[in-house]
Structure formats: C-alpha cells, structure tokens
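Structure record follows, encoded as structure tokens.
Please treat every number below as a calculation from the coordinates, not as lab data. A quick note: this is a predicted structure, and the numbers were derived from the prediction, not measured. Cβ: placed from backbone, ideal geometry, glycine included. Neighbour counts: every protein chain shown.
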Amino acid sequence: MPEHRLSLQKAKRYFMSKYLILISLDALNAKDHAIFKHLPVFQDFIEHGAYFPKVSPIYPSLTYPCHTSIITGTLPKVHGIYNNEVPEPAKAPNHDWFWYENDIQVPTLFDVAYVAGLTSAAVLYPVMAGSKSITYNFPEIFSNTGQSQLSLFWKYGSRCLLLDALRHASKAKGKEQPYLDHFSASLFKDILRKRKPNLAALHLTELDSARHHHGTFSLEAKKALLSGANRIEEIIWLTKEMGIYEETTFAIFGDHGFQDYHTAISFNRLLKDLGLLETDANNKITAWKVYGASADGSLQIHLKDPMDVKLQSRVEILIDALLELPEKPFKACYTRKEAKLRFQLDGPFSYVLEANDGYAFDPRILDHYLMPVSQIPDSYVATHGFLPTQPNLKTTLLIKGPEIKAGVHLQEITLLDEAPTFAKILGLPWHTGKPLDVFM
C-alpha cells in the first residue's frame, strides 16, 4: 500500500459473510435486462437477492476509472485514475495504461481487507499491478513492446500463482476473446478452490470486446453475455462443491454501458493539419504543443505548456469553431476547472471535449479528422467514455448472499455506492459513503 494513503486502523469485524466474490462483467448494460432476465443465474439473483437495474457510471465512463471508483467508492478527482491510458504523446497511439495500483491515491477495498487480516484474490482486476495488499494477484497488465503476460505477472503479480497460471496458459491467446476469459475464469476457480480467499474479484472482458467490435446489441454481444452467465454459474457451483456457498455473498456488476457510433474523430489529425503537433512518415508524434488523449466518447486536451496564454487562446478559438460545425460532431467542452467542479474529474489536461451522439474519438492519426468507421480498418463501432448521463451508459449491480434481503429492487444508484456495501458485507470499516439498504 503506498505510503501517501490514509492510515487504516484495524477494527473488530462484525461480518455478514465470510466470503465475498466480486465478478465484473465489463460493459454489462442496464438494457441487457431484456436478455438476462431469462437466464437462470440472473433470475436467481433478481428473485433471491438485491437488484439495481440502473447504475450510473462516472466520467469518463471508461473501464479503469470506473473500476477504481467501484473499489474505492470515490471519484477520479480523489482516486487519481482519470483515463484508461497514461497520456504520453511519444508512445501514441500505443500508450501504457494505468496498470499500477500505486497510482491510486486512496485506500481500496483490498487495502482495507489486508489491514483487517483477510486474504484476497484478484484476477485481471484493473489498476492492481504490483499491489501488496492482494494475497493472490494476477493483475491486468499487457505489453506494447512484446513482453509476455507471464513475464509481467512474474514482476507485478503473486508468484505463488505461477504453477496455476502455467497450467491454464494454453487457454489464452494474448488479449483475444473468448480465450482470455477462458484463462482468467479457470485461474480464478483454481484460486477459489485451493486458497479460499475471503475477498475475490474477477474481471471478465469478452462482452466489452464484442460490443466494441460488433455493436452494443449485436449477436456477438448477446453470445458474450451468455458466456459470462455460464462462467458465473460455474463459479457459484464451485462454491457449493467446496461447501462454502452458504457463507458466500456474490456480487455481479458492470462498469459502464455502451453506445454505437458511425463516425470517428481523429483529433490529432486536426492538430497535425493545424501545425500543433508534428509526426514522422509513420505518423509517430515527434513534437507537440497540443495533444488529444482519447477517452473514446470524450477527449482530454493537453497543452505542452499550460501557462502559455497565446496557446490557450488559440485552442479556445479552435474549440469554439468546432462546437459550431454543421456536422455537430462535438457536444460540449469543459475546462479543467469546470470538469473538476461538475464531474469531480481532474488530471493534467486543460480541456475535456465530449463527442456527440454517433461520434467517438479515435486515438490514431487517420487520413481525415472525420471518417466513417466503415472506412477505417479495425475500427470499433461502439464504445463508452461519454458523460454518465447518457441513457445507454448505465450499468447494473446484482448481489446475493446469506444476509442480503430477497427481492430488493432499487432503481437508481451510482458506482460509488458499491464499495461501502462490499465493505459492510465483510464487516470492514469504510471511509466514504454509506452501504446500500440491502441487508436483513
């Protein structure tokens, strides 16, 4: 746990469940209810547990900021994860992500569990590389320079899991789905079976991948949702075989919804055309005054010298002109101060630009600054990162366990409500918010 975090005091626990299993179905959409209400494992949660059909994400509605809010109960201004990727123009578009747990500025649920003497496990949970609080950690970290997943695990994960990881390594093909989820779910079940951690978190990404590549409500997305349901069912059955089902609370949650789009915005192409950044023949950035860090549905604009008044003025004139374009690709722009006040979003950027419906930002320097996705090789067709007020961006939470009231259905909550609820299930003290009213 980084030294700059708040000190945590060990306190007597009055736990409601000996074990808590958290399963993140990345990109689970509130509108998926039309499908999963017919699936037995989800039906069981809805009928015998607590169901929150509309959970608002945070801004930007990206995987890493959202998962950090889920596990800390705080917003990006507080926890420090303001994007998926670390904005380094020289590496664009293949940035490193915020892989490392020491980038989080506040205690996580894993930290609090560690201080209380509980064991924990995480498989591909975002922003957990290098965590010293997680007993059994296989972190989500991938290399843009050819390093293998196992070598990164050896450096930033729990080495006691090496043999288990090697046993299942043949199931994975890098980040390709559904193979990655085959691997992570198999490893997670092994950890549960052999180690019986009090707190265990699994991050499944097949649904997110299907939606990005095929569309929010595509056939591929529906198949991925069914696959996720099957994996959840297998984990629940495993706890029954282990004899710990009656002592276990399960939480299934998403991090954000999704939205289809038809046109990609290559903001850095525009900046290049205006002479605000320079590239080599392969479009690698060699020099820049202004840089657009994509957050998919939004964009964080960085100035090389934020104190350059003339540059600020030039950028603001450009933004004003963009907001008046007849195509209306841009919905709104916020200064850093406005983003901090309105959305509790802060970072080393100067402006945040929000894409309009039907548009999203592409991190690459494309041939034109506006391009139909049908004309871009390997382009996404759906994404997230937009304002959390977008109706398609809402996600879902389901909880079931020995002390969870059956049939609780609360319509509107946020991601920030989840950490205090999870902490109460394990009898842990918590520093922000209050638990949801789901307990007997």
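Points to keep in mind about this one:
- In the chain, the longest principal axis of the Cα atoms and the axis of helix 63-72 are about 40 degrees apart.
- Ranked list, fewest to most other Cβ atoms within 10 Å of each Cβ, for 159, 314: 159, 314
- Stretch gain in nm, segment residue 223-residue 173, where the contour uses 0.36 nm per residue and the Cα spacing is subtracted: 16.1 nm
- Anisotropy class of region 355-440 from Cα gyration tensor, a/c 1.5 cut: prolate
- Among the listed pairs 91/171; 155/434; 155/289; 289/340; 272/310, those whose Cα-Cα separation exceeds 25 Å are 91/171; 155/434; 155/289.
- Computed extension length for residue 48-residue 403: 126.7 nm, one decimal, from 0.36 nm per residue of separation with the Cα-Cα distance subtracted.
- Here's the list of aspartates and glutamates a cross-link from residue 31 could span, going by alpha-carbon distance under 15 Å and ignoring same-chain residues fewer than 8 apart: 208, 255, 260, 412.
- Overall Cα dimensions of the chain, principal axis frame, Å, largest first: 65, 46, 43
- Cβ-placed point charges (K, R +1; D, E -1), dipole of the chain about Cα centre in debye, nearest 20: 1120 debye
- Vicinal HN-Hα couplings computed from phi for region 333-339 (Karplus, 6.51 cos²θ - 1.76 cosθ + 1.60; Hz; Gly/Pro x): 9, 10, 6, 4, 5, 5, 4
- Among 35-43, 385-393, 190-198, the peptide with the highest mean count of other Cβ atoms within 10 Å heads the list, and the full ranking is 385-393, 190-198, 35-43.
- When only the Cβ of Lys, Arg, Asp and Glu is charged (+1, +1, -1, -1), the dipole of region 261-383 relative to its Cα centre reaches about 320 debye.
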